[in-house]
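Take a look at the structure below.
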DNA sequence: TGGGTCATGTAATAGGTTACATGATTGC
DNA sequence: GCAATCATGTAACCTATTACATGACCCA
């Protein structure tokens, strides 16, 4: 009965189903905003994914257009979950989760930092610490915005768990970063005390790395396939 | 002088440059193996990325084919870093690191776990804990394999730092997982004690989710674009 | 002589971001 | 009337994984 040509949705689609299961009558725009505000510290979606996914989900009957416009807004399409959609969501929830391929560019640069000046590693760790401090603020903000809800909400215990994992990991990384920074600074200081061969490294006064431009950021598209 | 049509390499290319900066005369195969064995807990590369990247790096003069075959193997192409390659690597190392888009499927499923039976969340957390325990073993294995090197190795302090961050975050996650599991089990037990309406949830004996098949794993390609 | 691993490579496809285009609505 | 934000959508890329093809070498 439900082995028609559908299935094999992408994670974006399941995120949409999940969002609509928590709150019906959301538009694509709402969904994106909701994701940013509630699970933005561990999940992101772009419009380029959301709108096509909505079309497809509707086509396959997992969501349905709804007319309800909670506020007076017009020209926006909201959706609700269908029974089939709820079933698909439950099915997906029960499957083992995928490990995302590990790709941590911070750790990669730290691993190879021996080729560069110690300033580089120090700057990256400072950068990481700042980002982590900001994450902690974000997480605490979300945390503060939750309790007011009705306490019988079946989602609440799980929402608290996701927040506490986020907090635990970010805190651990921040503690590591502060210790690492202290260790590297001590090492730098002692190196400055003892004699040192003049090497490639030019002791810069600023430790902050300059802005990174990589294909992205539209302009500055210097790359143009060398051969072929 | 060095503003020719090159630059804008992808992370894979920089990983290769990094690998060759630590040890020259590696083949594509070696590089992949080396990555798995030393930084596999935070970085992965596939052949489909490595071989094209090697070609391109050689074309742009950042690496050069070398003849040295450390062991007696034949029919394999090894490479060394050129001066330009080392410069490119240093330049990239100094740029701020990219945050990978946060996409943690475990947290996503946990967040929406309220739509499903409590067994689902419990199974996922057990799964996570097992993976984390395995990570810790891997990290400790790598850790044990490092000290024998010459202590003057300039990479060593950074390698130790990457390992300690990996360990800190994994341990934090594991501690969280154990507490979370205890909390959910307690909740389940107390729910079983108090009367409960018969709902959709079918109390399964097994808590382990079944194998996930999603397009990948070649066979079982049930999806076949419904329309268009 | 045959299995395992070494070794290189490519085609199909998935999955996703960015930049851009377009226009409506709200509030000042 | 104008800026900000709401709102939808698409085309051009990029990045990466998977599956497959191909064959050499090692050793028992």
Difference of contour (0.36 nm per residue) and Cα-Cα distance, residue B:25 to residue B:141: 39.2 nm
Inter-copy spacing of residue B:64 label points, which lie 7 Å from Cα along Cα→Cβ, given in nm from shortest upward: 7.0
Work out the mean other chain Cβ neighbour count within 10 Å for the residues of A:85-98 and drop it here as an integer. 6
Quote the relative contact order of the range B:105-192 in percent (integer), defining contacts as alpha-carbon pairs under 8 Å separated by 6+ residues. 43
Under the convention of a label 7 Å out along Cα→Cβ, give the distances in nm from residue B:186 to the same position in every other copy, shortest first. 3.8
Let me know the mean shielding of A:176-188 by other chains, meaning the per-residue number of their Cβ atoms within 10 Å of its Cβ. 2
For the pair residue B:99 and residue A:101, how long in nm is the line joining their label points, each one 7 Å along Cα→Cβ? 2.2
Taking the axis about which chain A rotates onto chain B, which residue of A lies nearest it as judged by Cβ position, and how many whole Å separate them? A:172, 2
Rounded FRET efficiency, nearest 0.05, which uses the C-beta distance separating residue A:10 from residue B:87 and R0 of 51 Å: 0.80
Which distances in nm, rounded to one decimal and ordered from shortest, link the label point of residue A:130 to the equivalent label points in the other identical copies, with labels set 7 Å from Cα toward Cβ? 4.2
For B:112, B:106, which order do you get if you count the other beta carbons within 10 Å of each Cβ and list the fewest first? B:106, B:112
Each label sits 7 Å from Cα toward the beta-carbon; between residue A:171 and residue B:58 the label points are separated, in nm, by 5.2
From fewest to most C-beta neighbours within 10 Å, the residues B:130, B:188 line up as B:130, B:188
Can you give the mean number of other chain Cβ atoms that lie within 10 Å of the Cβ atoms in peptide A:160-168? 6
Residues B:12, A:141 in order from fewest to most other beta-carbon atoms within 10 Å are A:141, B:12
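Read-outs throughout are calculated quantities, based only on the coordinates presented, and are distinct from any laboratory measurement. Not measured: the values here are computed from a predicted model. Cβ: placed from backbone, ideal geometry, glycine included. Neighbour counts: every protein chain shown.
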